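A quick write-up on the structure given underneath.
The values are calculated or read from the model by the stated rules, or taken from the named source; none is laboratory data. What you see is a predicted model, and the numbers here were worked out from it, not measured in a lab. All Cβ positions, glycine included, derive from the backbone under ideal geometry; neighbour counts span all protein chains shown.
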Amino acid sequence: MSSSENQWMAFEIPGQRFALPLSNIASIFHLGSREQIGWLEDHLEVYEGVPVFLVAPHKLFQFNLDTEITEGTNQSLAWAIILKNNDDAHIGFRASRTYGPFQSDLSEDKLVKYENISIAVIQSVEFV
């Protein structure tokens, strides 16, 4: 495993933590104290003059059937994580918290360690 394959960024969406390879992430930014928009709603944000299309995580990742995705209205979703893709479009999602970047080996059960926390690695869906 090369050093780039064991670098991770983790995030939290209401009640769940997941990790992605750092190489899959284009940028991360804090949205500040703007009015909250439902995190399951698709919408457009502008960051440093660049339009970013934020979509619901279930459109971007392959969740297990037992993963519960809830609205989590009382959580601040102040982070935007923008994914790398082959298009010029900037596509991402909102998260309530981020972890890392950090280095960890991937375990056989698809978990990485951040401090004392085991975090599941999630697979991106293919962009159409």
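Only one residue in Val50, Val112 is at pLDDT 80 or above, surrounded by fewer than 12 Cβ atoms within 10 Å (Cβ to Cβ) and of a type in the set (A, V, I, L, M). Which one?
Step by step, each of Val50, Val112 is checked, and only Val50 is at pLDDT 80 or above, surrounded by fewer than 12 Cβ atoms within 10 Å (Cβ to Cβ) and of a type in the set (A, V, I, L, M).
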Checklist outcome for this item: Selection from the stretch 115-128 of residues over 17 Å from the mean Cα position of the chain (by Cα) and at pLDDT below 90 yields Val128
Item to check | Residues satisfying the stated conditions in the stretch 98-113, i.e. touching a residue at least 24 places away in the same chain (Cβ under 8 Å) and assigned to a loop (DSSP other than H, G, I, E, B) | outcome: Ser104, Asp105, Leu106
Checklist entry - If you take the residues of the stretch 80-98 that are of a type in the set (Val, Ile, Thr) and closer than 14 Å to Val50 by Cβ, which of them is farthest from the chain's Cα centre (by Cα)? => result Ile91
Checklist outcome for this item: Within the stretch 1-45, residues being modelled with pLDDT under 80, among the hydrophobic types (A, V, I, L, M, F, W, C) and more than 15 Å from Arg97 (Cβ to Cβ) number 3
Checklist entry - Which residues, taken from the stretch 115-128, are free of Cβ contacts under 8 Å to residues at least 60 places away in the same chain and surrounded by 12 or more Cβ atoms within 10 Å (Cβ to Cβ)? => result Ser118, Phe127
